[in-house]
Amino acid sequence: MQHLLVLFMLFTFIHNPQPEKGWGIFYLYVYLHTLKEEIMLKKSCLLLVILIVSLLAACSADTKTDANHSGKKTISIGWPLDIGPLNPHTYLPNQMTAQAMVYESLVEYNDDGTISPKLAEKWKVSDDQTTYTFYLREGVKYSDGSIFNADNVIRNFNAILENRKAHSWMGMVKHIDYVKKIDDYTVALKLDEPYYPVLNELAFVRPFRFLGDAGFPKNNATSKGIKTAVGTGPWVLKEYKKDKYAIFKRNDNYWGEKPKVDEVKIKIIPDSESIALAFENQELDLIYGRGIVSLDNYTYLKDSGNYETAISEPLSTKALLFNTQSGPLQQLKVRQAIHYAINKQSLVSTVTHGTEKVADTLFWDAIPYADIDLKALKFDSKKAKSLLNEAGWKLENGQTIRTKDGQKLELDLTYIATDAIQKPMAEMIQGELAKVGIKLDIKGTDVMVGLHQLMNDETDINFWRTNGPPTDPHNFINESAIPNASGVYEAKRGLAEAKDLNKKIQQVLVSTDEEKRSQLYKEILTTMHDEALFYPISYETNNVIYQKSMQKFVPRASEYDIPYTIMDFKK
């Protein structure tokens, strides 16, 4: 009888590797009780030992998620979207965070704004700043064992430049004349004129990353797809099920410091609430990124004390962009009054629960050329009212909305309807402006619809955000120079200094003198600040939460580059 019971218990453990502790204790009690009725200790001793070991292993599994059935160390992370086809030269549906695991760039952008070597050990810029010579790192192999060299670099550049239009958002692309091989480990990139952010744009996660020869399709047309994902990066795609999961294993050929864990499993979980629940159930080791779970859930998990949390340095800036083309916002004093009317500290702490940092300027100090001494317009409702009076917007007795020449001071604010943060912020801003006599009508819509409304002078204020490293601030300048989907070019048309600003913007990107470039950036950013074109709200961050079974690590100030290589579990 007792043998049957033992077999039943072992069967249960085999098919349920993480039983509740209470059931385990119950099994043990029943077994011992049975033994007491019929002593068969000698024959059962071995089975008892097996049972106890199984119980200990099961109890241990309750508090650890770091070991899979094969004994490998695997980090599990939840992600809302499928990783895509892992093509290094194209965009959505490719997820940048997965592309960054497999493919590498010639140079790397650091959190402090500096550039360091990656696949290129060093580089040289010609005196006229139109030729960049890169000296490639020797001994680098792709994950399939093939060699990374100049021929492969040229093949990748040519494939990318065959599709220039798709990459035209990157200023460097329109300036590239050609890329040529100097020798097996040296290549030269020739521009038609100086364009200083070349290294920053080469560091971006796509499209200037390198695919192994085995991955190229017929005619090298990577814009239409690749054969297989072969990169020089620290990870290799091992197993993939669309919209379910992707498992990356360590690249044994990796030239740099190898990852500490064996595998990373990205579980595709579209719903942020489900990601939080999966993490609580210890099905995930890690939640990493901006907006992966709601700030309410992040705060709940953080406050539980059961997990480790971390926040990265600022990534990008959340702001309001004012349309100066028409209406009350043509007046500088009205734009400044809005700055003074909103209690920004309360706004940011209430809505983001302290996960974002209050922004007083468009870029935070570590962004290149942005460390400028600019005077913050701090919350001061009396000052706001005074400026509105000076601008001619009066609040008559018994009225709640200011008027001027019979026109009410009414403004529209457009926010992205699906953004969990913008809507509550819009509602708070609406309340703050009402206190000084400004009626704010808020409406949620699609991001592109809102920007097109701003470009077409159909709305007054839009939520807006910078791109973040490594493309700030030069990409912001690019977008400000010409009509495009960002809306900045159109929004600043009403400024008296608009023509002068455009002239400086055109000069700064082709400037070859570092001192002059710094001065131009200072003048451009100072003018935009003094003219209150933007209302900076907060610096966005990566919010990270992980199980206590993992070792502590520092998150990067990058939206796409999750530092899996430095992550490990506690011993």
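Panel note: the C-alpha atoms of the range 434-492, placed on their principal axes, show extents of 39, 23, 21 Å (largest first). Think of a 1.4 Å ball rolled over the protein heavy atoms: the chain then has 46 Å² of accessible area per residue. Solvent-accessible area assigned to carbon and sulfur over the chain amounts to 51 percent, based on a 1.4 Å probe. Note on the chain: helix-only mean residue ellipticity at 222 nm, from DSSP H runs of 4+ residues weighted -39500 (n - 2.57) and normalised by residue number, equals -10000 deg cm²/dmol. Normalised by the number of residues in the range 212-338, what is the relative contact order in percent for Cα pairs under 8 Å and 6+ residues apart? After rounding, I find 11 percent.
If the chain linking residue 274 and residue 374 were pulled fully straight, counting 0.36 nm for each residue of separation and taking away their Cα-Cα distance, it would gain 31.7 nm. For residue 227, the residues 5 or more places off, or on other chains, whose built amide H falls under 5 Å of its own are 216. Where the alpha-carbon atoms of the chain are placed on the principal axes, they occupy 101, 74, 37 Å, in descending order. Its residues counted as N, the range 351-434 yields a C-alpha radius of gyration over 2.2 N^0.38 Å of 1.42.
Taking label points 7 Å from Cα along the Cα-to-Cβ direction, residue 188 and residue 243 give a separation of 5.1 nm. Each residue of the range 157-167 was assigned a 3J(HN,Hα) from its phi angle through the Karplus expression (A = 6.51, B = -1.76, C = 1.60, θ = phi - 60°), giving 4, 4, 5, 5, 6, 5, 10, 4, 4, 5, 10 Hz with x at Gly and Pro. Accessible surface for residue 304 stands near 50 Å², nearest 10, in the context of the full protein assembly shown (1.4 Å probe).
Compared with the dominant Cα axis of the chain, that is its longest principal axis, helix 21-37 is turned about 10°. In percent, rounded to a whole number, the relative contact order of the chain is 18, using alpha-carbon pairs under 8 Å and six or more apart.
Sorting 356, 193 on solvent-accessible area from highest to lowest, probe radius 1.4 Å, gives 193, 356.
Rounded, prolate or oblate: which fits the range 519-571, taking a ≥ b ≥ c as square roots of the Cα gyration tensor eigenvalues, rounded meaning a/c under 1.5, else prolate when a/b beats b/c? Here the range 519-571 falls in the prolate category.
When 386, 76 are compared by accessible surface with a 1.4 Å probe, the order from highest to lowest is 386, 76.
The values are calculated or read from the model by the stated rules, or taken from the named source; none is laboratory data. These numbers come from a predicted model, not from an experiment. Using ideal geometry, Cβ is built from the backbone for each residue, glycine included, and neighbour counts are taken over all protein chains shown. In case anyone asks, the SASA skips ligands and DNA or RNA and just uses the protein heavy atoms, side chains included. Shrake-Rupley method; radii C 1.70, N 1.55, O 1.52, S 1.80 Å.
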